[in-house]
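Working notes, structure below.
The values are calculated or read from the model by the stated rules, or taken from the named source; none is laboratory data. Quick caveat: nothing in here was measured; it's all calculated off a predicted structure. Neighbour counts run over all protein chains shown; Cβ positions are idealised from the backbone, glycine included. Please note that ligands, DNA and RNA were not included when accessible areas were found on the heavy atoms of the full protein model with its side chains. Shrake-Rupley method; radii C 1.70, N 1.55, O 1.52, S 1.80 Å.
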Amino acid sequence: MARAQTIHICSQCGFSSAQWHGQCPGCEGWNTLVEERAPAGGPDARGARARGGGARKGSPSAPPVRLREVASAPLARLKTGIGELDRVLGGGLVPGSLVLLGGSPGIGKSTLTNMALGNLAGAGLSTLYVSGEESPEQVRLRAERLSRSALDVPVLAETDLDAVLDALATHAPAVCVIDSVQTLRCSELSGSPGSVGQVREVAARIMELAKARDIAVVLVGHVTKDGALAGPRVLEHLVDCVLQFEGERERPYRELRALKNRFGSTNEAGLFEMRQGGLVEVLDASARFVAEATRAPGSVVLAAMEGSRPLLVEVQALVAPSELEQPRRVVSGLDRNRLALVLAILGRHGRVGVGGHDVFVNVVGGVRVEEPGVDLAIALAVASAARGVPLNGSPCACFGELGLTGELRWVGHPERRLAEAARHGLSSVLAPPGSGEGAREAFTLREALAAVLPAARRPARAAA
Ligand code: TYD
Ligand code: MG
């Protein structure tokens with residue numbers, strides 16, 4: 001059988017050609033050509049479009065409408081019955097929308113989607129679980145660990161895109177999960193499953209059908225830690241919502257956040273714990289993290305904001321003499337550059353130098369903190385670890401951003417952070433100026449260190 005025509009397009013300059021080139025003849029970039037299905041009209045039509053040429057002919061477009069006159073119906077939402085997931089989605093799945101759920105292998109993507117489909121099926125909605133990775137037996141084994149209704153979900157083990165599209169068109173479920181988008185294969189393209197061209201084509205074809213038939217689709221995508229297998233990332237602009245599922249495989253906590261959401265906020269995050277019977281929502285995370293805080297040297301409690309919710313998490317640091325010429329700077333749950341910056345400020349303005357020492361900083365519980373308010377916590381944890389003394393009043397709580405000149409800067413929602421700390425028995429919270437009642441305000445890093453770091457019993461070994 002003759003192959004449908006495909007075309008290779010440069011993702012950098014838009015050059016197109018029927019043949020694949022390792023080096024793009026247009027921009028001379030290497031490995032930039034991606035295979036796509038040729039549109040009607042042949043490769044030339046697509047090439048002209050990609051280069052921005054060629055006016056579109058055909059049916060006249062609809063006239064523009066004043067925004068005020070655009071009809072706006074409230075969005076229908078399909079509740080997955082998993083509170084944290086619904087909240088991160090903005091209230092539930094939107095019919096006809098495409099959600100990309102990314103995360104590293106083993107993190108719990110299949111478990112989460114199985115549970116959601118089970119709940120939806122239990123609520124009387126039609127569902128479909130397409131598995132390209134596991135056999136129906138394997139899917140069943142997992143479902144047995146979850147809820148009774150998880151066993152009511154129809155499963156289709158299939159990797160051929162056309163077969164999946166056929167099933168979707170025939171059964172037209174209200175909600176469908178494709179696990180994973182990297183395993184499906186469009187036979188018209190020669191690339192292997194998971195390649196950029198394949199992943200894009202698979203998602204585009206599924207989206208076309210999903211929008212036409214009002215099917216809410218969750219595409220599961222594997223992302224490696226370093227983002228090396230960038231497969232699903234190329235879909236981010238295409239889908240309505242991108243969710244990221246994170247955590248450490250060895251630890252039970254999992255965090256779900258929205259990186260993009262056309263139907264809700266990207267500030268929300270949900271916390272789960274992986275247990276025997278699946279994922280359980282963690283609603284009292286602050287209480288747990290505070291109770292688990294070690295109060296040892298190098299430990300501090302950060303009053304963080306996870307989207308619109310305050311969350312108390314423990315930040316731990318270890319400072320140890322290094323045998324390497326370039327000492328290690330290892331972070332978990334934080335941005336590495338943030339640590340570098342805080343260490344520089346700590347050395348310059350706090351007189352705590354860690355040159356020649358390895359520094360490890362960890363946000364406990366597999367939570368990820370991506371807000372400037374974490375700076376002060378990193379600084380205090382590292383200083384406490386470097387000096388080998390616990391902070392005064394441990395567990396000591398804090399929040400605040402550090403400026404390059406060593407000043408402590410105001411961060412959002414101080415009142416909510418303080419209230420959360422007070423609710424969990426942490427009354428004296430070190431915070432930037434302007435944080436309001438209940439805060440123990442410090443203007444500079446020096447002041448903050450003086451307030452909670454006991455004078456060293458012996459000269460600090462780590463001090464430069
Ligand atoms: P899984 O959802 O298969 O991960 P992913 O689809 O992201 O690759 O889950 C992976 C792990 O979760 C697996 O090691 C087993 C564990 N698990 C539990 O601890 N409890 C459970 O109830 C289930 C279903 C899985
Ligand atoms: Mg899986």
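A few comments on the model shown:
- Of all residues in region 252-267, those being more than 10 Å from ligand 1 (Cβ to nearest atom) and open to solvent by 30 Å² or more (accessible area, probe 1.4 Å) number 9.
- Within region 107-119, residues that are within 11 Å of Val175 (Cα to Cα) sit with their Cβ atoms under 9 Å from residues that are within 9 Å of ligand 2 (Cβ to nearest atom) and hydrophobic (A, V, I, L, M, F, W, C), at 6+ positions apart or across chains, in these pairs: Thr113/Val220.
- Selection of first residues in region 277-298 that are within 16 Å of ligand 1 (Cβ to nearest atom) and of second residues that are of a type in the set (Lys, Arg), restricted to Cβ pairs under 8 Å at least 6 apart or on distinct chains, gives the following pairs, ordered by first then second residue: Gly277/Arg145; Gly278/Arg145; Leu279/Arg254; Val282/Arg288.
- Which numbered condition Glu273 fails, given (1) modelled with pLDDT under 95; (2) not in a strand (DSSP E or B): (2)
- Count - residues of region 360-411 that are touching a Phe, Trp or Tyr at 6+ places or on another chain (Cβ under 7 Å), among the aliphatic types (A, V, I, L, M) and within 12 Å of Pro432 (Cβ to Cβ): 3
- Of all residues in region 421-435 being surrounded by fewer than 23 Cβ atoms within 10 Å (Cβ to Cβ) and under 22 Å from Arg288 (Cα atoms), the one that is modelled with the lowest pLDDT: Ser427
- Total residues in region 154-182 satisfying the condition of being within 16 Å of ligand 2 (Cβ to nearest atom) and touching a residue at least 40 places away in the same chain (Cβ under 8 Å): the figure is 7.
- Residue match in region 130-138 (condition: within 12 Å of ligand 2 (Cβ to nearest atom) and free of Cβ contacts under 8 Å to residues at least 12 places away in the same chain): yes
- Those helices (runs of 4 or more DSSP H) lying entirely in region 101-197 with at least 2 residues within 9 Å of ligand 1 (Cβ to nearest atom) and surrounded by fewer than 18 Cβ atoms within 10 Å (Cβ to Cβ): 136-145
- Any hit, region 62-79, residues being within 16 Å of ligand 1 (Cβ to nearest atom), on the phi < 0 side of the Ramachandran plot and at pLDDT 95 or above: no
- Checked against (1) closer than 22 Å to Ala143 by Cα; (2) in contact with a Ser or Thr (Cβ under 9 Å, 6 or more places away or on another chain); (3) surrounded by 14 or more Cβ atoms within 10 Å (Cβ to Cβ), Arg249 meets all criteria but (3).
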